[in-house]
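Throughout, read-outs are computed from the coordinates displayed, never taken from laboratory work. Small disclaimer: the values here were computed from a predicted structure and weren't measured. Cβ placement follows ideal geometry from the backbone for every residue including glycine, while neighbour counts extend to all protein chains displayed.
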Amino acid sequence: MSTTDISTLSYNLSRVDRSIADNLMDIDKSFGNDAQNVLDFIIFMSKKLNNNLFGYTRFTIKEYSEFTGITAQNLCSMHPDVAKGIAGNTVYSDHSFESILEFTLLKMLKNNILFSKVIQYKDDGNIIQLENFPILKDIIVQGGNVMGTKKIYEVRLSDVMMNGFVQRYYTLDTTRLPVIGKGKGGHSRKKIYIWLNKVFHIYSSRGNNEQIPFYSIDFLADIAGVRFKKELENKKQVEKEPKHKKEAVSNILKAIHKQINSEQNKLHFSFDYKFVNGDTSNPYQEDYFVQFDFKSNLHPDIVKQLQVSHNLKFSLLKDLRTFFDISYPIERLSKIEALESEADNFQRWLNNNDADLQKKVEILKNAHFKANNWDKKKELKDKEAISMIYSGFLSIEPVSIPQDPNSIPTSANSIPTDPNSISTAKEKA
């Protein structure tokens with residue numbers, strides 16, 4: 001039997017907050033035409049958090065452009081609402097936020113994602129209810145030129161977003177996001193792709209023991225934002241539904257399927273799908289449901305590393321927060337001039353590599369040792385911990401070892417799920 005070099009698998013695994021992935025339609029309702037940029041930003045920041053917890057808040061337009069697939073020129077162009085004079089006040093901290101990227105940042109600072117239903121989850125034994133999702137606390141813009149390409153953006157994320165990153169998330173492969181989102185209909189494809197990652201995460205985390213339910217065309221069309229098609233009839237525009245929706249959903253799935261199932265550089269999962277009858281006893285019912293069949297491409301070593309990454313980040317962020325709260329009580333913070341106007345003192349401290357560096361090294365080493373089940377071979381040296389703080393850590397990459405395709409697990413049941421979450425994860429068609 002032929003062997004497959006796992007280096008051909010192109011994992012770029014990150015996370016997406018469950019409250020986001022479970023409520024993609026609410027982003028559209030809350031942010032309208034800016035919804036794509038809002039979703040891109042949330043995924044982008046989660047990726048930065050995942051790659052380097054100590055440097056995630058600073059980014060350039062080039063970084064953001066490469067991740068999203070949106071050109072820097074488009075990101076720097078004037079936002080349509082600003083151009084039309086309907087944007088309202090665009091000035092914040094003496095900076096005018098008028099470009100597409102900057103105005104979207106400002107909107108995320110001022111507005112939350114409003115959920116259509118209350119979300120519940122557990123946090124240290126306490127039940128937390130989310131009715132909305134705040135994204136940003138603060139934005140700082142440094143440097144820049146006329147086009148804005150030299151600017152450095154520093155943001156402060158909301159506590160909800162920070163907590164969601166370590167406690168409630170689905171695994172998301174971001175490798176093909178720029179390609180999937182490129183061109184007309186890109187936002188719809190991105191939303192369905194994120195939803196597919198979610199379904200795969202749930203399915204594989206349960207050990208593939210349950211049949212994946214059928215999903216209705218209406219359900220998928222709603223996520224994608226496909227609406228009724230307006231056609232002329234008797235010189236009047238009327239809305240026509242069924243076949244247009246099926247055609248639109250089919251085109252979206254076909255485009256994503258082509259990207260994911262490429263024989264070279266497969267992602268962490270692949271899938272097949274087919275349109276089926278919802279009621280098999282009705283031979284005249286058209287195929288308005290979709291049935292999915294997923295396959296995990298995760299090598300056991302990658303699955304293990306995902307669990308290590310989960311344990312590390314969960315412990316690390318918690319231990320860093322505890323140290324900060326003990327070391328910097330409110331009374332002491334009030335005496336530090338540099339923090340007088342700071343929207344989140346902890347995030348500023350976290351991203352200052354010179355602040356308590358040795359203590360951060362100690363906390364990182366302990367969290368890393370614990371996450372690796374106290375394996376002496378995995379114990380970090382001081383210089384390794386410092387390097388991880390300065391340059392990033394634990395990106396999930398393929399291990400370059402040949403393997404038999406049969407050794408690829410049919411289940412990725414070690415993908416970490418949030419043990420505290422009590423929100424329902426199963427959609428209804």
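Worth pointing out:
- Highest-first packing order for the peptide set 164-177, 335-348 is 164-177, 335-348, based on the mean count of other beta carbon atoms within 10 Å.
- If you sort the three axes of the alpha carbon gyration tensor as a ≥ b ≥ c, you get a/c of 1.5 or more for segment 1-138 and a/b no higher than b/c, which makes it oblate.
- Cα gyration tensor shape of segment 301-391, rounded if a/c is under 1.5, else prolate or oblate by comparing a/b with b/c: prolate
- Listed residue pairs exceeding 24 Å between alpha carbons, taken from K29/K137; K84/K245; K47/K182; K190/K370; K122/K295: K84/K245; K190/K370; K122/K295
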